[in-house]
Amino acid sequence: MNQTHQTLFPDQPLTPAGHFWLYSSAAILHIIQQVARQYDTWDAMYDEFPFLAEHNNQIVHCGVQGLAPEAALRWWYDAICVWEGRISTHLPLRTLRDTAGLSHQTLTLLFAIGLIEEHAQFGRLFEAMQDTPGAHRPTLGLLQNWWHAAYPDSSDVRESFQQLERLGLIEVINPGAPRGDLALGVPLVLWDALRGVWRDTDSVHYGRAADAPTFDDLILDDTQRATLTAFPALLATGRARTLLVRGARHNGRKTLLRAIARTAGKGTLTFDSKAEAAQRSTAGSLAVLLNAIPIFEFDLTAGECIDLPATGVYDGLIGLVLGKQGGISSTEQMLTVNLEIPDPQMRHEHWTAMLGGSAAPETIDLISERFRLTSGNLRRTAQLAVTYAQLAGRSEVTSEDVIQASRSLNRQALETLAVHEPTTGDWNQLATAAETLYELTSLETRCRHRERLQHVLGRALGLHSGVRALFSGPSGTGKTLAARLLAASLGMELYRLDLSAVVNKYIGETEKNLNQVFSRAEELDVVLLIDEGDALLTRRTDVQNANDRYANLETNFLLQRLEAYEGIVIITTNASDRVDSAFQRRMDVIVEFHLPEAAERWSIWQLHLPPDHRIDQRMLQEVASRCTFSGGQIRNAVLHAAMLALEAGSTISTAHLVAAAQREYRKIGQSFPLRRGQNGV
């Protein structure tokens, strides 16, 4: 018989697709045999379902002519085994069958359920056999009858259904129906994987082993490289089965796992944080079918804990990808690797690897110190920088190209909860007390050397690269302007936290939003501004009711997240007495802003007024001296004076200035301090 089988299926390629056809044809052969029982003659069946004749002719000419139904199926299964013997490479169906202990009959049952995905005509057949209009999918009752009729001596067919369901290979379309009327289907992603085909979804991604980097391609420190080099041996001995990689997004977490998978000759199947539980339930079967290692990514906040996803039939390495927050409750032996954002030395290696001869050595030195990016964002920035240089007609990448490229990074996730603020100018645009300006320039120096300070004093003082500053003072004293000028001086982007988008009435959602803002800001190396932050940093209160309890939980979370934050964050408040003292203790720098004195008000007027104004200098000096405006009020007055001048078709004059100043006093309900005879009108 084997000699006969060796010559069978000459038109079927020795590929997963050919294997898929063999089992699909076995299911069709089985169905044709069962449907034929309902008719007096085969011709009567073919008259109603002509497509069955086409399938039957294709099947019987392979070698089952004249065989009884049971003998034909046995012959077909023997032929499949002989055909498989000609292939030594990975066959998805064979691997799944052998790993899960599935019988030929159970696999044929699986294909009968999924046939409608391959041949739509079977939908009409299932509808007719069930005598239920619109029921285009086979039901549990129909398939049980067919399989019992073909295998009366086999184990309960229901066990086969349960086995397929446990593996996530089939799903119930109408779970509320009576058991016999349950309509069954095969998830499309699994149906494609059965034939060795994969199409990425929004939340599940497959990577081939050949496309993964090797260990030599990765830029790691010595400790990380030693740990990862030893991991395959630990896996082989059973001392470790799960590898948890922690760190920021776009920082090589999944790349590292792909390199480990490649050493085992496997691809990777990644379920990102958006994947639903139903999708993760198919992970084990998909991993077996695709010869891949399943990787589960989660985006957790502090205090969140999840169970290790079940992988069913798959018993190999599992990869877990988490940020710095949250945990896994599992009894599995787990090894953890922390991937920190690269330090200047490692960033220098990344920039050199990406730019090579495209940038001067001094440029690479500069951008290695300046841009504290995750490894993935760094490499994307390098690619964009090369493009910007080419667009400018240059072969050499400059630091300006890198700055422009970094601003083009994908920032949508951050911009859903924070607003980008313009950053231009320098400290000359801020008129403030000398003490305040000194603190601000000292803060700038602290931000520039934050990584060096961490290296020099980090172990002794428990420092990391985060800088937390509190700007405190009355409204309109220049706190927000100072934040913009600080970001501009550092050459960084500024994002202002949108409290209306962050604060949520549902329990736990505010913390998730805050964690997302802080995490994304760290990854992109931007300055984060929490304007009017006393709304979030309010003092904790005695717990009188559930609202107090949850408000305190939010405050505690923010305290912890601020302390762990490794970027630059600026918090402004005009009500420092309402800020919890615990927040003030965690601030690296506190800058006090005061209402400007007369000399400072004069400077602010000069900064805001256009050079061609026609305001009497003595009058301007009088207004600066007598009108105790804040910087914000002076700005508003200049805007109103400019509007009056535009309306009159002239430049700003003394009359416009006085009218604008009087308007500001009316807004706050106070009398204008200059007598009418003094105003020059």
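The values are calculated or read from the model by the stated rules, or taken from the named source; none is laboratory data. Please read these numbers as outputs of a predicted model, since none were measured by experiment. Cβ sites come from the backbone with ideal geometry, for glycine too, and all protein chains shown count toward neighbours. In case anyone asks, the SASA skips ligands and DNA or RNA and just uses the protein heavy atoms, side chains included. Shrake-Rupley method; radii C 1.70, N 1.55, O 1.52, S 1.80 Å.
Annotations for the structure displayed:
- Condition check for V579 on (1) open to solvent by 10 Å² or more (accessible area, probe 1.4 Å); (2) among the β-branched types (V, I, T); (3) at pLDDT below 85: one failure, at (1).
- Screening region 423-436 for residues that are surrounded by 15 or more Cβ atoms within 10 Å (Cβ to Cβ) and either of a type in the set (F, W, Y) or under 13 Å from A599 (Cβ atoms) (or both) and picking the one that is nearest to the chain's Cα centre (by Cα) gives W427.
- Neighbours by Cβ (under 6 Å, 6+ apart or cross-chain): first from region 529-542, over 9 Å from F583 (Cβ atoms) and assigned to a loop (DSSP other than H, G, I, E, B); second modelled with pLDDT under 65 and of a type outside the set (D, E): R540/N552
- Counted residues, region 487-513 - those being within 22 Å of S576 (Cα to Cα) and at pLDDT below 85: 5
- Members of region 66-85 found to be under 23 Å from Q33 (Cα atoms), of a type in the set (A, V, I, L, M, F, W, C) and either in a helix (DSSP H, G or I) or open to solvent by 60 Å² or more (accessible area, probe 1.4 Å) (or both), listed by number: L67, A71, A72, L73, W75, W76, A79, I80, C81
- Residues within region 418-476 that are closer than 30 Å to M346 by Cβ, out of contact with any helix residue (DSSP H, G or I) (no Cβ under 8 Å at 6 or more places or on another chain), charged (D, E, K, R) and at pLDDT 90 or above, tallied: 0
- Meets criteria (outside any loop (DSSP other than H, G, I, E, B), crowded, with 19+ Cβ neighbours inside 10 Å and modelled with pLDDT under 90) for L414: yes
- If you go through region 638-665 and keep only what is open to solvent by 70 Å² or more (accessible area, probe 1.4 Å) and modelled with pLDDT of 90 or more, you end up with L639, M643, L646, R663.
- Cβ separations smaller than 6 Å between residues 6+ apart or across chains give the following pairs from region 554-569 residues that are under 14 Å from R520 (Cβ atoms) to residues that are among the hydroxyl-bearing types (S, T, Y): E566/S465.
- Qualifying residue in region 107-122 (condition: charged (D, E, K, R), over 19 Å from R37 (Cβ atoms) and touching a residue at least 60 places away in the same chain (Cβ under 8 Å)): yes
- Among the residues of region 419-448, those that are in contact with a Ser or Thr (Cβ under 9 Å, 6 or more places away or on another chain) and among the aliphatic types (A, V, I, L, M) comprise L430, A431, L440.
- Any hit, region 328-346, residues being buried (at least 22 other Cβ atoms within 10 Å of the Cβ), under 22 Å from the mean Cα position of the chain (by Cα), among the hydrophobic types (A, V, I, L, M, F, W, C) and more than 24 Å from V288 (Cα to Cα): yes
- Inter-residue pairs, beta-carbon under 6 Å, first of a type in the set (K, R) and in region 484-506, second open to solvent by 40 Å² or more (accessible area, probe 1.4 Å), 6+ apart: R496/V419
- Qualifying residue in region 272-282 (condition: in contact with a Pro (Cβ under 6 Å, 6 or more places away or on another chain) and either of a type in the set (D, E) or closer than 30 Å to A564 by Cα (or both)): no
- Matching option when the condition is over 21 Å from E369 (Cβ atoms), of a type in the set (A, V, I, L, M) and part of a helix (DSSP H, G or I), among L437, L443: L437
- Among (1) within 25 Å of N515 (Cα to Cα); (2) out of contact with any Asp or Glu (no Cβ under 7 Å at 6 or more places or on another chain); (3) not in a loop (DSSP other than H, G, I, E, B) - the single one I260 does not satisfy: (1)
- The set of residues in region 241-259 being more than 13 Å from V337 (Cα to Cα) and more than 19 Å from the chain's Cα centre (by Cα) consists of R241, A259.
- Candidate set: region 390-409, residues that are of a type in the set (D, E, K, R) and assigned to a loop (DSSP other than H, G, I, E, B); chosen: the one most open to solvent (accessible area, probe 1.4 Å): R407
- Test: residue in region 198-209 that is at pLDDT below 90, outside any loop (DSSP other than H, G, I, E, B) and within 28 Å of A17 (Cβ to Cβ): no
- Lone qualifier among G312, G316, G265 - being part of a loop (DSSP other than H, G, I, E, B) and open to solvent by 60 Å² or more (accessible area, probe 1.4 Å): G312
- Count of residues meeting criterion [under 24 Å from S103 (Cβ atoms) and surrounded by fewer than 14 Cβ atoms within 10 Å (Cβ to Cβ)] in region 18-65: 1
- Pair list, Cβ under 7 Å, 6 or more apart: region 319-345 residue outside any loop (DSSP other than H, G, I, E, B), other residue acidic (D, E): V321/E297; S329/D307; P344/E369; P344/E451
- Only one entry in G101, G141, G114, G134 is open to solvent by less than 60 Å² (accessible area, probe 1.4 Å) and farther than 20 Å from R179 by Cα, namely G101.
- The test for being among the β-branched types (V, I, T) and farther than 19 Å from N145 by Cα does not hold for I32.
- Annotation: of all residues in region 557-573 being of a type in the set (S, T, N, Q) and in contact with a Phe, Trp or Tyr (Cβ under 9 Å, 6 or more places away or on another chain), the one that is surrounded by the most Cβ atoms within 10 Å (Cβ to Cβ) is T572.
- Residues that are in a helix (DSSP H, G or I) and of a type outside the set (A, V, I, L, M, F, W, C) were ranked within region 624-637; the one that is most open to solvent (accessible area, probe 1.4 Å) is R635.
- Looking across region 170-192 at every residue that is among the aliphatic types (A, V, I, L, M) and part of a strand (DSSP E or B), the one that is most open to solvent (accessible area, probe 1.4 Å) is identified as V172.
- Among the residues of region 86-107, those identified as under 19 Å from T15 (Cα atoms), aliphatic (A, V, I, L, M) and not in a loop (DSSP other than H, G, I, E, B) are L93, L96, L107.
- Within region 116-125, one or more residues are of a type outside the set (F, W, Y), modelled with pLDDT of 90 or more and touching a strand residue (DSSP E or B) at 6+ places or on another chain (Cβ under 9 Å).
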